[in-house]
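Each reported figure results from applying straightforward, stated rules to the coordinates on display, with no laboratory input. Treat the numbers as computed from the prediction; the structure is a model and nothing was measured. Here Cβ is always computed from backbone atoms with ideal geometry, including for glycine, and neighbour counts include all displayed protein chains.
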Amino acid sequence: MVNAVKLFEYEAKTLLAKHGIPTPQGGLATSAAQATEVAARLKPPFAVKAQVLVAGRGKAGGILFTNNVEETERAASKLLSMHIKGIPVRSIWIEEKIQIKKELYFGITADRSQQSYVAVASAVGGVEIEETAKKTPEKVMKVSVKPELGLRPFQTRQIAKKMGYTSNRISELASIFGQLYNVGMNYDAELVEMNPLVETNDGKFMAADARMIIDDNALFRHPELKKRLLEGESELTPQELEAMKNDLAYVKLDGDIGVIGNGAGLVMATLDTIQYYGGRPANFLDVGGGAPSEKIALSLKIVLSDPKIKTLFINILGGITRCDEVAKGILEAKEKAGVAKPMVIRLVGTNEEEGKRMLTDAGIHVLESMDEAAQRVIEITRGGN
Amino acid sequence: MGIIVNKNTRAIVQGITGTQGSFHTQLMLEYGTKVVAGTSPGKGGIRINGVPIYDTVEEAKEGGLANASIIFVPAAFAADAALEAIENGIKIVVIITEHIPIRDAIDLMAYAKQTKTTIIGPNTPGIITPGECKLGIMPSHIFQQGGVGMVSRSGTLTYEVAASLTRSNLGQSTCLGLGGDPITGLNFIDALEMFEADPLTKAVVLIGEIGGNLEELAARYIVDTKYSKPVVAFIAGRSAPPGKRMGHAGAIVIGGAGTAENKINALRDAGVKVAEKPGDVAQLLARQALT
């Protein structure tokens with residue numbers, strides 16, 4: 001499981017502007033007072049936009065339009081006290097409202113099946129772009145980027161031409177496409193998109209909104225973004241953040257059976273098996289390969305911090321992971337944190353005998369089959385009701 | 001027989017002096033894999049488990065007459081290590097390393113295609129042709145020689161299924177881990193094509209998971225080529241909540257693909273038997289082979 005790093009609109013726009021892509025003049029504020037200062041520097045009217053990482057911000061009322069500084073102050077107070085899909089709005093971006101003639105779409109993303117990046121473009125941009133792609137696929141262009149060539153100027157000119165532009169507008173637009181591709185490559189983006197990319201009433205092109213998702217495996221090349229991810233705001237819950245810092249993959253779900261396993265595929269299959277027998281998993285937690293006992297103990301702590309959990313299912317198939325290390329971790333966690341919840345443990349593979357003996361000596365029952373263990377944990381969960 | 005690796009495979013281990021590299025070199029040797037050399041820049045001249053270590057692949061290949069490589073090099077340097085193998089004429093490269101950036105993987109795969117190199121991984125448990133050669137990190141005792149070709153995107157889930165096949169006396173021709181990353185070298189279609197041509201393989205087990213559209217493409221391939229061998233599949237992630245969205249572009253590129261349901265339907269429509277849970281694969285396979 002990948003914890004991709006999403007950037008806020010203002011962060012993405014700042015990077016775009018640095019690469020010469022026109023964006024509306026604007027500034028960031030975390031208080032109403034600051035918002036008035038920002039607005040006073042800009043030309044009205046304004047767009048006041050909540051900075052959150054969840055999609056559907058506009059429909060949730062996270063974007064307000066104002067005509068002067070006073071209105072902006074009120075809009076700022078309103079947005080800063082809002083929650084959007086459960087996420088509190090901590091900052092807002094105030095920018096000069098642009099006069100839109102036409103909304104375009106342009107983005108770059110990785111395409112697994114082509115094993116390349118792909119440019120996606122449409123002359124009909126805006127929030128309905130996915131619908132457009134479904135209903136009228138001919139209106140959305142997909143241009144594969146050959147890794148050895150990159151996105152070439154002739155390709156971006158072709159795209160601009162097909163969008164219906166002529167004369168010098170072609171190279172103007174093509175250069176924005178090329179720059180967006182450069183932003184994507186320079187920052188290891190899995191996705192970078194301008195939606196809408198706007199043609200204004202006075203004939204300029206401007207990125208009115210931008211999204212960027214960074215490949216978290218490339219963060220070693222971007223220490224500033226890594227710092228921001230670990231210290232700053234994100235979509236992650238505290239548990240998810242703690243898991244990520246410790247290189248554990250944790251996703252919270254809403255059932256009552258806590259799950260720990262090794263390997264994403266095995267953990268997913270464990271959740272599927274629990275669900276197949278009528279149980280409800282509370283989370284996904286993959287300890288990864290070769291986890292030492294401390295990591296197992298930490299995993300137990302993270303999973304059990306969810307108050308809804310009634311039982312715990314640990315499913316380990318040891319390859320690089322050693323069963324004795326897993327047993328040690330379980331016992332450590334039990335001793336230190338006083339784990340009182342019933343556990344069902346399925347433990348097979350490398351050093352299986354040693355691991356089983358350690359747990360059996362401590363009075364913990366160990367099963368060998370995943371199906372049997374899944375049924376057992378559901379039985380105990382139900383019995384506890 | 002089997003595919004890609006066999007008793008004639010002569011492998012070098014890149015990153016052989018690291019914890020994982022040296023540990024698994026030992027296990028591969030114990031299994032009978034011909035590990036003929038290792039590389040670790042700056043440490044050339046020593047021996048580990050009797051295997052001579054060189055500074056460069058150029059020297060290692062010459063010294064050991066190698067025709068395959070397995071890579072344990074850390075993520076930031078793994079793509080470079082793979083390119084070093086390719087540039088020195090190695091045609092089979094297994095990349096165990098996980099967390100390689102997508103951009104590096106894309107560049108690497110493009111070059112591999114140009115040079116007709118077979119890349120397995122990254123983020124793969126590797127490949128094993130039971131009884132002949134293990135180029136990977138899988139626990140070897142769960143495998144047994146036989147006629148089932150296995151191809152999977154997952155590591156431990158593959159072990160789970162392989163172990164249950166072996167318990168049911170359904171041995172394997174070759175078991176291939178494609179790797180869990182978005183961009184990998186070989187894909188399901190490559191594996192299906194090779195298993196079709198392998199006389200030892202009588203049936204194929206395909207283990208997929210949510211994300212991407214490789215399973216859907218495999219289903220289409222099975223239909224288009226009127227695939228001759230029985231295929232049984234398991235797809236992990238039925239119970240997963242909708243994944244984190246990858247923006248509009250991601251949704252447009254992938255269309256409706258990606259969910260477990262979509263993959264399962266595509267495979268069933270292609271005549272593939274899809275197991276409800278990993279424990280059911282062996283039974284479905286036994287039934288398939290009989291009919």
message = Greater than 23 Å separation of Cα atoms is the criterion. Which listed pairs, B:Lys134/B:Lys277; A:Lys245/A:Lys336; A:Lys6/A:Lys49, meet it?
response = B:Lys134/B:Lys277
request  = List the longest stretch of chain B that has no exposed loop site; here a site is one of the trypsin sites (Lys or Arg not before Pro) assigned by DSSP to anything other than H, G, I, E or B, with at most 11 other Cβ within 10 Å.
outcome  = B:1-115
note = At R0 = 41 Å the Cβ-Cβ FRET efficiency linking A:Lys139 and A:Lys18, nearest 0.05, sits at 0.85
key: the stretch B:10-120 - convex hull of alpha carbons, volume per residue in Å³   = 86 Å³
task = Putting +1 on Lys and Arg Cβ atoms and -1 on Asp and Glu Cβ atoms, find which of A:Ala207, A:Pro44, A:Ser293 reaches farthest to the positive end of the dipole of chain A.
result = A:Pro44
key: Solvent-free Debye scattering, log10 I(q)/I(0), computed from the Cα coordinates of chain B at q = 0.07, 0.09, 0.13, 0.15 Å⁻¹   = -0.25, -0.42, -0.86, -1.12
Crossing angle, helix A:293-304 versus chain A [Cα axis fit, 0-90 degrees, rounded to tens] = 70 degrees
query = If you project the alpha carbons of the stretch A:1-116 onto their three principal axes, what span does each projection cover, largest first, in Å?
reply = 51, 33, 24
request  = Give the distance, in whole Å, between the Cα centre of the stretch B:159-186 and the Cα centre of the stretch A:49-79.
outcome  = 52 Å
message = Using amide H atoms built in the peptide plane, which far-off residues or other-chain residues are under 5 Å from B:Gly146 H to H?
response = B:Gln172, B:Ser173
key: Value of D in µm² per second that Stokes-Einstein yields for the stretch B:141-185, Kirkwood Rh from Cα pairs, at 25 °C (0.890 mPa s)   = 229 µm²/s
query = Among the lysines in the stretch B:10-120, how many pairs, 8 or more places apart or on different chains, have alpha carbons under 20 Å apart?
reply = 7
Spin-label model distance (nm) - A:Gln25 vs A:Lys301, 7 Å beyond Cα toward Cβ = 5.1 nm
task = Return the FRET efficiency for the residue pair A:Ala340, B:Thr56: r is the Cβ-Cβ distance, R0 is 45 Å, and the value is rounded to the nearest 0.05.
result = 0.20
In Hz, Karplus ³J(HN,Hα) per residue of the stretch A:371-376 (6.51, -1.76, 1.60; θ = phi - 60°; x = Gly, Pro) = 4, 5, 5, 4, 5, 5
task = Calculate I(q)/I(0) for the stretch B:126-290 by the Debye formula, one identical point scatterer on each C-alpha and no solvent, and give its log10 at q = 0.16 Å⁻¹ to two decimals.
result = -0.87
request  = Assuming 0.692 mPa s and 37 °C, estimate D for the stretch A:62-139 with Stokes-Einstein, Rh taken as the Kirkwood radius over Cα pairs, in µm²/s.
outcome  = 206 µm²/s
message = Running a GNM on chain A with Cα contacts under 10 Å, which residue among A:Arg152, A:Arg357, A:Arg112 ends up with the highest mean-square fluctuation?
response = A:Arg112
note = FRET efficiency (A:Asp254, B:Arg268; Cβ distance; R0 30 Å; to 0.05) is 0.55
task = Relative to the compact-globule scaling 2.2 N^0.38 Å, provide the ratio for the alpha-carbon radius of gyration of chain A.
result = 1.21
note = Computed from every Cα-Cα pair in the stretch A:67-107, P(r) in 5 Å bins starting at 0 and rounded to whole percents is 5, 16, 21, 16, 15, 19, 7, 0
query = Per the Kirkwood definition applied to all pairs of different Cα atoms, how many angstroms is the hydrodynamic radius of the stretch A:276-369?
reply = 13.4 Å
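Using Cβ contacts closer than 10 Å as the measure, can you line up B:Ser228, A:Ser31 from fewest to most? Mind dumping the intermediate values first?
On the way: B:Ser228 6, A:Ser31 14.
The fewest-first ordering by Cβ neighbours comes to B:Ser228, A:Ser31.
Report the relative contact order of the stretch A:238-383, percent, no decimals, based on alpha-carbon pairs under 8 angstrom and at least 6 residues apart.
Numbers: 305 pairs, mean separation 35.7, N = 146.
Answer for the stretch A:238-383 is 24 percent.
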task = Name the long-range amide H neighbours of A:Ser91: under 5 Å, sequence gap of 5 or more, or other chain; modelled H, no Pro or chain starts.
result = A:Gln51
message = Show me the three semi-axes of the equivalent ellipsoid for the stretch A:144-188, from the C-alpha gyration tensor (sqrt of 5 times each eigenvalue), largest first, rounded to whole Å.
response = 20, 11, 7
request  = Anything over 23 Å Cα to Cα? Flag those among A:Lys59/A:Lys142; A:Lys97/A:Lys161; A:Lys43/A:Lys101, in the order listed.
outcome  = A:Lys59/A:Lys142; A:Lys97/A:Lys161
request  = Take the alpha carbon atoms of the protein assembly as shown, find their radius of gyration, then divide it by 2.2 N^0.38 Å using N residues; give the quotient.
outcome  = 1.02
query = For the Cα atoms of chain B, what angle does the longest principal axis make with the long axis of helix B:281-290, in degrees from 0 to 90, nearest 10?
reply = 70 degrees
query = To the nearest 10 degrees, how steep is helix A:69-80 against the longest Cα principal axis of chain A, on a 0 to 90 scale?
reply = 20 degrees
inquiry  = Antiparallel versus total DSSP beta bridges in the protein assembly as shown: what percent is that, nearest 5?
reply    = 55 percent
inquiry  = What are the ³J(HN,Hα) couplings of the stretch B:58-69, residue after residue, when phi is run through the Karplus curve with 6.51, -1.76, 1.60 and θ = phi - 60°? Round to Hz, x for glycine and proline.
reply    = 3, 6, 5, 5, 4, x, x, 6, 7, 10, 8, 9
